[in-house]
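To start, the structure itself, in structure tokens.
The values are calculated or read from the model by the stated rules, or taken from the named source; none is laboratory data. Every value quoted in this text rests on a predicted model; they were computed, and no experiment measured them. Using ideal geometry, Cβ is built from the backbone for each residue, glycine included, and neighbour counts are taken over all protein chains shown. Heads up: the accessible areas ignore ligands, DNA and RNA and are worked out on the full protein's heavy atoms, side chains in. Shrake-Rupley method; radii C 1.70, N 1.55, O 1.52, S 1.80 Å.
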Amino acid sequence: MQRLKNLPQDRNSLIGQGCTFIGDITSDADVRIDGTLNGNILKAQRLIIGKEGFINGNVHCQEAEVLGRISGKLSVEGLLHLHDHASVKGDINAGSIRLEQESIYNGFLRTGKAVGSVRVVKEETTRDSGLQRRRIF
């Protein structure tokens, strides 16, 4: 796999809409994904995934704002913000998390802060399976 290393710290990396990048990214600055990344983000300061953005791989960064989709493990040392209609399919480890009402994640969620900040909005038990479903934000 290729590696994309960022040049000076004041420059950001961008994968634009309609663009597909295959490989791993390591950056000492911010990274924005509006296209598709088939690979991992090994290091980034702030990651922004636009509404049309998609990452098929694992992510490690300082902060993240997700408006698009991730399929893979997500590790954020600081704040993770999942906007409306954002989707993460994989385990999440974050220092803290902000989930908007229409965001979706499928996997284990671990935060560095108390989970008490996540509020249960609706809880229901299905008769067929006895499983509980919760919608949180």
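Starting from the Kirkwood radius over alpha-carbon pairs of segment 49-104, derive D by Stokes-Einstein at 20 °C in a medium of 1.002 mPa s and give it in µm² s⁻¹.
Rounded to a whole number, D works out at 200 µm²/s.
Phi angles across segment 58-68 convert, under the Karplus curve 6.51 cos²θ - 1.76 cosθ + 1.60 with θ = phi - 60°, into 3J(HN,Hα) values of 8, 10, 9, 7, 6, 9, 8, 10, 10, 10, x Hz, Gly and Pro given as x. Accessible area of residue 24 (1.4 Å probe, protein heavy atoms only, ligands and nucleic acids ignored): about 20 Å². Taking segment 27-55 and a reference point 7 angstrom along Cα→Cβ of residue 83, the backbone N atoms nearer than 16 Å belong to 31-36, 46-55. Of the residues 91, 28, the one with the largest accessible area comes first in the ranking 28, 91, computed with a 1.4 Å probe on protein heavy atoms.
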